[in-house]
Number of protein chains: 2
Amino acid sequence: MGGALRNDAREARRSAILRAAVEVFAERGYEDARMREVAERAGVADGTTYLYFQGKEALLVAILEENAKAFLKRARRDAGRQKDPGAKLRKVIERHLVSLESDRALAHVFQIELRHSRRFLRQVARGQVAEYLRLLQRIIAEGTASGLFRDDIPADVAARAVFGAVDELITSWVLADRPRSLAGQAAPLLRLIFGGLERRAGGSR
Amino acid sequence: MGGALRNDAREARRSAILRAAVEVFAERGYEDARMREVAERAGVADGTTYLYFQGKEALLVAILEENAKAFLKRARRDAGRQKDPGAKLRKVIERHLVSLESDRALAHVFQIELRHSRRFLRQVARGQVAEYLRLLQRIIAEGTASGLFRDDIPADVAARAVFGAVDELITSWVLADRPRSLAGQAAPLLRLIFGGLERRAGGSR
DNA sequence: CCGTGGTGATTGAACGCCCATTCAGTCTCA
DNA sequence: TGAGACTGAATGGGCGTTCAATCACCACGG
């Protein structure tokens, strides 16, 4: 039999290659990244990467899918644990910021490298974004239905605006030479978002 | 003397190449765009493009710089014509949406193709974005100083959040198969942004 | 306990594709 | 008629990818 040990070793090697790819892509950018360097940094021969991934672009897809899926899972779990739509939204946004702040190289790949223009890749990347947008939209619609949020902003527009605001803060953070803590910007960002979404208190009754 | 006619002809040819580049980049994506196709569509020989631009990437830079500068100029003029910071912000955002909606191919290049590499993004594209962000930040700070906007959201965070929100709506519009009018989404977007920025009426005194 | 054969994983030098760019020749016009 | 603009076939090189050769490991028989 192949044996669990063998599978573990294989898995470890796969992870090493993937991690090396994240770092090299982040440092040099996808186009200037050399497969040779990914292999070298993972401690394997050039050809070995092709035993684990179909090619350079497949690495990018794997980085996206594995991390995006894990993030979405955590975000949904976070949201599920709250019953107030406001708390749900807050948790998801905080999770978004914290997740990417914890791994700058990965954040770089997500914010910059995954947006290069190969058609099918964009479809893959946008597929994950679309799923995240749907989560936001559902939470916001729930907030509107419960009377917490104002009803003159369609949930899909709101979801995209919120995503865009968060996304841009992260992109600046990734590109900054001396980045200020992302989590530290969460409070004013949330004030802005909630101020925009919530019904005006004065208008009640 | 070279003659004005000659310069006009030269300028027309330059524009034709630039326009062809916008279209080919938008259709195929920067990487899959072929210089041959740009030349063909501009009605010139392959080599001619190199008499007008240094190379493929220089086309991208030229597209960015010429259009971004024109946009910034119009945005500043719009803002200068208003005296209320709220009206300024509104005008600039509307200008942003309308400008890109009027040229979908150009919008595609701006939203997708110009973000393809770290080097390019940091050095060239982000320079223009930074200038736009500074404009937004100045307007917002003015609004805060005048008591129109709340003072617990730093202007730089607000500027980036606003830019991100607008930017994401445009990107979805560019990527959508059947896009809904961008200008039509301006009203709810502005409600969201102003709701987030303005002081709560209830807190006055 | 060794030796041995076989299987699958790994290696890395060499390949070849692809296309941006060049430049020697041709054309145009004053 | 010549200076500059234009042409487009030819070129070159960079790098992702391949694959014949080698290695590591294990099962098994003696």
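The values are calculated or read from the model by the stated rules, or taken from the named source; none is laboratory data. Keep in mind it's a predicted model, so treat the numbers as computed, not measured. Ideal geometry is used to build each Cβ from the backbone, glycine not excepted, and the neighbour counts take in all protein chains shown. With ligands, DNA and RNA removed, areas are computed over all heavy atoms of the protein, side chains included. Shrake-Rupley method; radii C 1.70, N 1.55, O 1.52, S 1.80 Å.
Side notes on the structure shown:
- Both chains summed, the buried accessible area for B and A stands near 3800 Å², from protein heavy atoms and a 1.4 Å probe.
- Here is the result for the stretch A:41-145: no GluC sites (Glu not before Pro) lie in DSSP coil with at most 11 other C-beta atoms within 10 angstrom of their C-beta.
- Solvent-accessible heavy-atom area per residue, rounded to whole Å², over chain B at 1.4 Å: 48 Å²
- A:Thr48 label point (Cα plus 7 Å toward Cβ) to equivalent points in the other copies: 5.3 nm, shortest first.
- For the stretch A:1-53: relative contact order, % (alpha-carbon pairs under 8 angstrom, 6 or more apart): 31 percent
- Label point 7 Å beyond Cα along the C-beta direction, distances from B:Asp8 to other copies (nm, shortest first): 8.0
- The stretch B:1-53 - Debye-derived log10 I(q)/I(0), Cα point model, q = 0.20, 0.21, 0.29 Å⁻¹: -0.65, -0.70, -1.09
- For the peptides A:7-19, B:153-165, the ranking by mean Cβ contacts within 10 Å, running from highest to lowest, is B:153-165, A:7-19.
- Entries in A:Lys91/B:Lys88; A:Lys69/A:Lys91; A:Lys69/B:Lys56 that, when Cα-Cα distance is taken, lie over 25 Å: A:Lys91/B:Lys88; A:Lys69/B:Lys56
- Axis of helix B:56-80 versus longest Cα principal axis of chain B: the two differ by about 40°, to the nearest ten degrees.
- Neighbouring Cβ atoms from other chains, within 10 Å of the Cβ of residues in B:174-181, number 1 on average.
- Average 1/r across all pairs of distinct alpha carbons in chain B, invert it, and you get the Kirkwood radius: 18.8 Å.
- Exercise: per-residue mean of other protein chain Cβ atoms within 10 Å, A:56-69: 0
- On the stretch B:56-203, 50 percent of the accessible area sits on carbon and sulfur atoms, based on a 1.4 Å probe.
- Kirkwood analysis of the Cα pair distances in the protein assembly as shown returns a hydrodynamic radius of 23.2 Å.
- Counting Cβ atoms of other protein chains within 10 Å of each Cβ in B:182-194 and taking the mean gives 4.
- Most fluctuating residue given options B:His108, B:His116, B:His96, as computed from a GNM of chain B linking Cα atoms under 10 Å: B:His116
- Calculated mean residue ellipticity at 222 nm for chain B: -23000 deg cm²/dmol, from DSSP H runs with n ≥ 4 weighted as -39500 (n - 2.57), summed, divided by the residue count and rounded to 500.
- A crude spin-label estimate for the pair A:Ser15 and B:Ala16, with each label 7 Å from Cα along the Cβ direction, gives 5.9 nm.
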